[in-house]
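A.B. asks: If you scroll down you'll find the structure; I have some questions about it.
Any read-out appearing in this document is the output of simple, stated calculations on the displayed coordinates, not a laboratory observation. These figures come from a predicted structure and were not determined experimentally. Positions of Cβ are backbone-derived with ideal geometry, glycine not excepted, and every protein chain shown enters the neighbour counts.
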Amino acid sequence: MHSYKAPLEDMQFLLDCQAGIHPAEKNSRQASVDREEASFILSQAAQFVEHELAPINRACDELGCRFDNGNVSLPNAMKQAYTRYAEAGWMGLSMPEEWGGQQVSSQLAACAGEMLTSANHAFSMIPALNMSAIKALLTFGSEELKSQYLPNMISGQWLGCMALTEAHCGSDLGLIRTSAELVDDNSYRIKGNKIFISAGAHDGCENIVHLVLARIKGAPEGVKGLSLFIVPTYLPNSREFNNVSCIGIEEKMGIHSNPTCTMSYENSTGFLVGEPHKGIKAMFIMMNEMRMGTATQGIGLSEISYQHSLSYATERRQGRSLKGIAEPDQEADSLLVHADIRRMLLTQRAFAEGGRALSFFCAQLLDVTEEANEKSADTCGTLPSAEDSKQLLNFLTPIAKAFCTETGLESSSLAIQVFGGHGYVRESGVEQLYRDGRISTLYEGTTGIQSLDLLGRKVLGTQAKSLLLFTKQIHRFCLLEKGNQPFSSMVKTLLDYAKEWPQLTQEIGIKAMKSHDEVGAAAYDYLMYSGYVTLAYFWLSMAVRAARLMESKPTKQQGGNYGDEFLNAKIRTASFYYSRLLPRAESHRKAMLSGEDALLL
């Protein structure tokens, strides 16, 4: 079985690309560590996941979690790995220094997050959920709540989780029945049940802190009446049990070593986070953080699927090349001689590296947004203003979450295909990739929900302002590279899509004025079209950058020192993407315009 190796060179390439050679234009988080320090952080993260997490992934999957009379136990190896992860300070990598974090850039944190999910998907969910809860407290928590909870959560002694879903309502949060009754000025009595609570109860830390959506008695119906509460399993001052109980864990298709809990709150003490009846606003801070985290899971899934597939295809010998015997001294040629195997490998690589570039860009937008910094650098020069960065991030988040998880799942399916019959049995390791990765298209909002969010709220809801911000950025880039002869065909193709995208949006918008169902009918294909065009932009950006590095040969300190093999692979994969994957956007274009009548049962 292949052992995971963190793609450090590719991550460094993206850091160099998006920081460019303009250190004065970096935001303060990027400037807080130089290139050498960033490289050291990445190498240390790689060492941890390669030696601590990847080796225990299969064994923990086979053992799973245990539920016994309300107590949930993680596999022992998982628990020990988490303790070492927390003690090493990884939880606070991008968290504020004032609460015990290291406050490095979100891009470095995204790198570490991707490594976690490639090496051990089930493990990666624990810190991801905690960081989402931390972000909600940072944004909406009172100073008292911050001082009580943040130091312990950032150190990893306590862990946060999101408690939103209920059995009768799923993603329709307006139907939530969990209630909150005011006890005194500071606390509420929380009563209700929640399902599908990832890492809601386990023995890996001292205390688990639940961020619970509930309705204060007398509040309006629907989402406008929901409030967000922090409900610890043990109260922070007295360490008294807070009547937060796990009443069962799910038997699941995958992620066996991360417990998915049904939780009961029996008059548990909760503390209001933010304003009454404004819980959905606070919840979206957590949700958007998790959506980008889930996008990273999809990227990590594509990466590990590619690594497994490439390793197997290199070693496995079967058949002969159609051009003639490639390895006459062997009884058969390696799988790499077969064009269809290379098609699958290149598809996985294109999704992994293209998705990673999108994730890096979103992380950079997040830093600019959080710091309200008016200038920063990317591959094309400078990022937009803080306000435009926020709108761009909101626009790209559902694309990143849904597209990267769908393509991650495709990559894991291709891994099984590359392995053939061996991929369908446990021994190969790739069937676990598919089982674990399948959840990523479901939680934090299914692909269908992301699609509706993108088309309905983020595009039509802003009169396409967010879309036009992005297509103008693509347009500017294409104009800059118009005379770049080796890439002229790709530039023209991308420019055509940048013009077509708003036109398609307008066409759907006009249909939607007659029937709102036209939005729902077009949404999935619109999102997938958007994803393919978005990755086309990043692939061309990377190819252009790679070509310039090959010409200029900059030193390591100048953001270079990449081998020609690595840079050539970037250019070849970009060409493959434009030739073999971007044309899929055309079928999605036709499907989205076919209208709601095509979906009548």
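A.B. asks: Can you compute the equivalent ellipsoid semi-axes for the chain, i.e. the square root of 5 times each eigenvalue of the Cα gyration tensor, sorted largest first and rounded to whole Å?
C.D. replies: Semi-axis lengths for the chain are 38, 29, 25 Å.
A.B. asks: Taking loop as defined by DSSP and a crowding limit of 13 other beta carbons within 10 Å, which trypsin sites (Lys or Arg not before Pro) in the range 302-373 fit? Intermediate results must be reported in sequence, preceding the final value.
C.D. replies: Details: sites: 316, 317, 320, 323, 342, 343, 349, 356; in loops: 316, 320, 323.
When the trypsin sites (Lys or Arg not before Pro) of the range 302-373 are filtered for loop state and at most 13 Cβ neighbours within 10 Å, 323 remain.
A.B. asks: Right, next: Distance from the Cα centre of the range 251-290 to that of the range 530-591, in angstrom?
C.D. replies: Between the Cα centre of the range 251-290 and that of the range 530-591, the gap is 39 Å.
A.B. asks: Which order, highest average first, do 116-124, 42-50 follow once you tally other Cβ atoms within 10 Å for each residue and take the mean per peptide? Intermediate values should be presented prior to the final figure.
C.D. replies: Numbers: 116-124: 27.9, 42-50: 18.6.
Per-residue mean Cβ counts within 10 Å order the peptides as 116-124, 42-50.
A.B. asks: Follow-up. Any idea what the relative contact order of the range 301-362 is, in percent, if you count C-alpha pairs under 8 Å spaced at least 6 apart?
C.D. replies: 38 percent
A.B. asks: In whole Hz, what ³J(HN,Hα) sequence does the range 127-132 give by Karplus (6.51, -1.76, 1.60; θ = phi - 60°), x for Gly and Pro?
C.D. replies: Those phi angles translate into x, 4, 5, 4, 5, 5 Hz.
A.B. asks: Any idea what the relative contact order of the chain is, in percent, if you count C-alpha pairs under 8 Å spaced at least 6 apart?
C.D. replies: Relative contact order for the chain comes out at 13 percent.
A.B. asks: Could you tell me which of rounded, prolate or oblate describes the range 407-556, using a ≥ b ≥ c as the square roots of the eigenvalues of the alpha-carbon gyration tensor, with rounded for a/c under 1.5 and, failing that, prolate when a/b is larger than b/c and oblate otherwise?
C.D. replies: Judged from the Cα gyration tensor, the range 407-556 comes out oblate (a/c at least 1.5, b/c at or above a/b).
A.B. asks: When you count, for each residue, the other Cβ atoms within 10 Å and take the mean per peptide, how do 191-204, 532-545 rank with the highest first?
C.D. replies: Top to bottom by mean Cβ count within 10 Å: 532-545, 191-204.
A.B. asks: Which value results for Rg/Rh of the range 285-599 when Rg is the Cα radius of gyration and Rh the Kirkwood radius based on the inverse mean 1/r?
C.D. replies: Details: Rg = 20.5 Å, Rh = 20.7 Å.
Result for the range 285-599 is an Rg/Rh of 0.99.
A.B. asks: Going by average Cβ neighbours within 10 Å, how do the peptides 53-60, 273-280 rank, with the highest at the top?
C.D. replies: 53-60, 273-280
A.B. asks: Of the chymotrypsin sites (Phe, Trp or Tyr not before Pro) in the range 405-473, which ones lie in a loop per DSSP and count no more than 14 other C-beta atoms within 10 Å?
C.D. replies: Numbers: sites: 419, 424, 434, 443, 470; in loops: 443.
Sparse-neighbourhood loop chymotrypsin sites (Phe, Trp or Tyr not before Pro): none present.
A.B. asks: Could you state the number of Å between the C-alpha centres of the range 301-346 and the range 149-174?
C.D. replies: First find each Cα centre; the distance between them is then 44 Å.
A.B. asks: By counting other Cβ atoms within 10 Å of each Cβ, how are 161, 404 ranked from fewest to most?
C.D. replies: Numbers: 161 26, 404 31.
Ordered from fewest to most neighbouring Cβ atoms within 10 Å, 161, 404 come out as 161, 404.
A.B. asks: So, with +1 on the Cβ of K and R and -1 on the Cβ of D and E, and no other charges, what is the size of the charge dipole of the chain about its Cα centre, to the nearest 20 debye?
C.D. replies: Computed charge dipole of the chain: roughly 1180 debye.
A.B. asks: Let me ask something else about it. Please give the FRET efficiency for residue 480 paired with residue 506, using the beta carbon to beta carbon distance and R0 = 25 Å, rounded to the nearest 0.05.
C.D. replies: 0.40
A.B. asks: In addition: For the range 285-599, what's the relative contact order in percent, using C-alpha pairs closer than 8 Å and at least 6 residues apart?
C.D. replies: Averaging sequence separation for qualifying contacts and normalising by length gives 18 percent for the range 285-599.
A.B. asks: I would also like to ask the following. Quick one: if the Förster radius is 45 Å, what FRET efficiency do residue 499 and residue 241 give, using the C-beta to C-beta distance and rounding to 0.05? Don't skip to the answer; put the middle values down first.
C.D. replies: On the way: r = 61 Å, r/R0 = 1.36.
It comes out at approximately 0.15.
A.B. asks: Oh, and also: Name the residue from 568, 433, 290 whose Cα lies farthest towards the positive end of the charge dipole of the chain, charges +1 on Cβ of Lys and Arg and -1 on Cβ of Asp and Glu.
C.D. replies: The one lying farthest along the dipole's positive direction is 568.
A.B. asks: Find how many whole Å separate the alpha carbon centroid of the range 179-244 from the alpha carbon centroid of the range 459-474.
C.D. replies: Taking the Cα centre of each part, the range 459-474 and the range 179-244 sit 38 Å apart.
A.B. asks: Looking only at the range 229-246, which residues have a backbone nitrogen under 14 Å from a spot 7 Å from the Cα of residue 71 in the C-beta direction?
C.D. replies: 246
A.B. asks: Size of the dipole of the range 37-85 about the Cα centre, Lys and Arg at +1 and Asp and Glu at -1 on the beta carbon, nothing else charged, in debye to 20?
C.D. replies: In total the dipole reaches around 140 debye.
A.B. asks: Same structure, new question: Rounded to the nearest 0.05, what FRET efficiency do residue 425 and residue 36 have when you use their Cβ-Cβ distance and R0 = 51 Å?
C.D. replies: 0.70
A.B. asks: Something else now. Between residue 517 and residue 252, what is 0.36 nm times their sequence separation minus the Cα-Cα distance? Round to one decimal in nm.
C.D. replies: The residue 517-residue 252 span can extend by a further 92.0 nm.
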